[in-house]
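A short write-up of the structure that comes next.
The values are calculated or read from the model by the stated rules, or taken from the named source; none is laboratory data. Please read these numbers as outputs of a predicted model, since none were measured by experiment. Note that each Cβ is placed from the backbone with ideal geometry, even for glycine, and that neighbours are counted across all protein chains shown.
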Amino acid sequence: MNPLFAVGQIVVGIALMISILLQARGTGLSGAFGGDNAVYRSRRGVERRLWQFTIVLMILFVTFSLASFALYTTTPST
């Protein structure tokens, strides 16, 4: 495995976990700052950007995984 892909996958994975944990249902960023707890509401402002950032991180994680799999070279055993 290429060390660049391994480090990239670890960094993106940690960032993805953090961004998912920041989106805990019912608490959200608005709840942390005294917002209401409406069940059905649209994401606005920072929450929407965090949601979009999570999607980008997810795509990057899958890309790193597929790239490391596709470019993995095994040495033939003799």
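One residue stands out in the stretch 43-70 among those that are modelled with pLDDT under 90 and surrounded by 11 or more Cβ atoms within 10 Å (Cβ to Cβ): the one that is farthest from residue 5 (Cα to Cα), namely 43. Looking at the structure I just gave you, is residue 20 closer than 30 Å to residue 69 by Cβ and at pLDDT 95 or above? Considered against the rule, which asks whether it is closer than 30 Å to residue 69 by Cβ and at pLDDT 95 or above, residue 20 comes out as no.
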